[in-house]
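Take a look at the structure set out below.
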Amino acid sequence: MSVSISTRRANMENRNCPAMKKRRLEVSKWLQGLNFLSLPEDIVSKITAEITLKEAVRMSAVCSNLRRAWIYHPNLDFDISIVPASGIATVHEHSSKHKRNQHSGQHNRMMGIKTFIDTVNLILEEHSGLAVNRLAVKFGLHKAHANAIDRWISFAIASKAKVVALDFSPYLGPYENNYSFPYHLFHKQNSSHLQVLRLYCVTLDSSHDFCGFSNLTTLALEHVLILQDFQFLLLKCPSLEWLSIRLCPGLHDLHVDEPLEQLKFLRVQGCAINRIKLHAPNLTSFEYRGGSKVHFALNECLKLKTASIKFNVEENLEYVFTEIPNGLPYVEALHVEVTVKTQIHGFTQAPLRFIYLRHLTMKITFANAKRFGKNAVLQLAYLLEAAPFLVDLHLDTLCASFCEGSPKRDVIADHPHHNLKQAHITGFNGNGGQVALVKYILRNAVQLERMAIDPRGKIIGQLMGEYRGRVSAKSELVPKDRKGVLTIL
């Protein structure tokens with residue numbers, strides 16, 4: 001099932017690429033030679049699925065053989081492109097400074113919305129309702145248009161659509177004007193067909209009468225106002241495998257007391273969340289982006305092997321070395337992005353351990369160099385002690401100051417590392433802490449096979465530091481490379 005979900009998601013993302021457009025054009029030319037009246041409805045549906053709904057409707061106007069073919073189209077994608085040309089300008093028209101033109105602009109926008117709703121209604125009324133795979137709406141609508149949207153959802157339910165996507169993100173009004181998802185339209189007999197639900201700029205109200213989606217595998221929420229007990233919703237989706245939550249106000253605590261048996265992928269981004277606590281025995285991939293100090297409690301996710309953590313600004317790296325290994329103890333491949341403001345207090349304290357970590361990528365920006373002292377970059381040497389079985393280390397660094405002198409060698413004791421084989425550091429500009437870090441790795445990584453130093457910064461352009469970094473690497477690092485593993489890129 002997980003393969004089919006990822007394949008379907010990739011197909012949706014690539015449907016507008018040049019190769020797909022060329023293929024649809026070839027199919028549309030071939031279709032004009034067919035006699036659709038002689039073909040079974042399910043075959044017609046599969047054929048028309050190769051072109052977009054808009055293309056199918058346009059072709060029906062110029063080819064008699066296709067006059068009724070579009071009513072079997074399985075993917076009903078409605079956006080501004082279906083609005084007649086005369087209505088498009090009214091949807092995008094901006095109001096002027098004059099009150100008269102403001103009233104005119106508002107009227108024109110209302111007419112554009114009415115045209116869109118009428119067009120969708122007409123298409124759904126004419127559609128056969130057979131073999132529908134997807135109903136997707138992308139337009140600036142809100143709760144004032146609830147009656148029309150409810151009818152579209154009812155059509156999707158009646159036609160047993162597998163995918164429903166409501167994207168009202170063009171609407172930029174307050175959350176209280178969001179359209180509320182219609183739980184009341186679903187019951188045990190009609191909710192089992194839905195497999196993918198994507199909601200943007202929608203409100204999830206509390207509804208304890210909700211029957212659940214027994215076969216829902218994918219749930220994506222963005223700019224969704226969550227007013228209900230989110231745990232209740234998740235437990236009503238026992239087949240859920242893929243969960244993405246982005247920029248959703250009202251969600252401060254993501255926890256589920258009972259196991260989410262099928263969940264394999266979890267993404268949380270841009271939410272004011274304090275805790276993520278789940279028991280998902282089959283979770284393999286986790287992504288988080290947002291504020292720091294969130295408490296991760298995924299200790300029981302034994303199959304969680306890949307994680308990506310992006311913090312906005314951290315006071316120092318202490319949180320990275322404590323909270324992540326404590327909350328994500330089984331991760332083998334970890335990606336961390338962070339901006340730090342100071343060095344770790346109590347620099348010689350031993351960190352917690354990433355016992356299972358094998359591959360680590362860090363993109364790290366050191367913000368205010370004056371607050372660091374000389375140990376700012378060298379604190380990354382903690383990584384070798386924190387991850388004793390680390391095999392591959394990749395550091396993308398941005399140091400505001402490349403004039404910082406080297407820290408004292410005894411500021412951190414040597415600690416041999418017996419598993420690191422590959423190390424790659426970009427953004428090397430000759431900063432004293434960077435030099436000390438590379439020397440530390442060369443001394444302590446006893447199995448090191450290759451270490452690449454790239455003066456070019458990947459985070460942002462670092463033209464000023466590149467020349468100095470290259471000179472510093474050749475003069476200070478190459479003489480310390482007794483094993484011949486160092487490469488200056």
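The values are calculated or read from the model by the stated rules, or taken from the named source; none is laboratory data. Quick caveat: nothing in here was measured; it's all calculated off a predicted structure. Only protein heavy atoms, including side chains, enter the accessible area calculation; ligands, DNA and RNA are left aside. Shrake-Rupley method; radii C 1.70, N 1.55, O 1.52, S 1.80 Å.
Cα-Cα over 24 Å: which of 439/474; 277/363; 305/341; 293/439; 236/277?
Values: 439/474 13 Å; 277/363 26 Å; 305/341 29 Å; 293/439 32 Å; 236/277 18 Å.
Pairs exceeding 24 Å: 277/363; 305/341; 293/439.
The mean accessible area for residues of the range 135-291, using a 1.4 Å probe and ignoring ligands and nucleic acids, is 39 Å² per residue.
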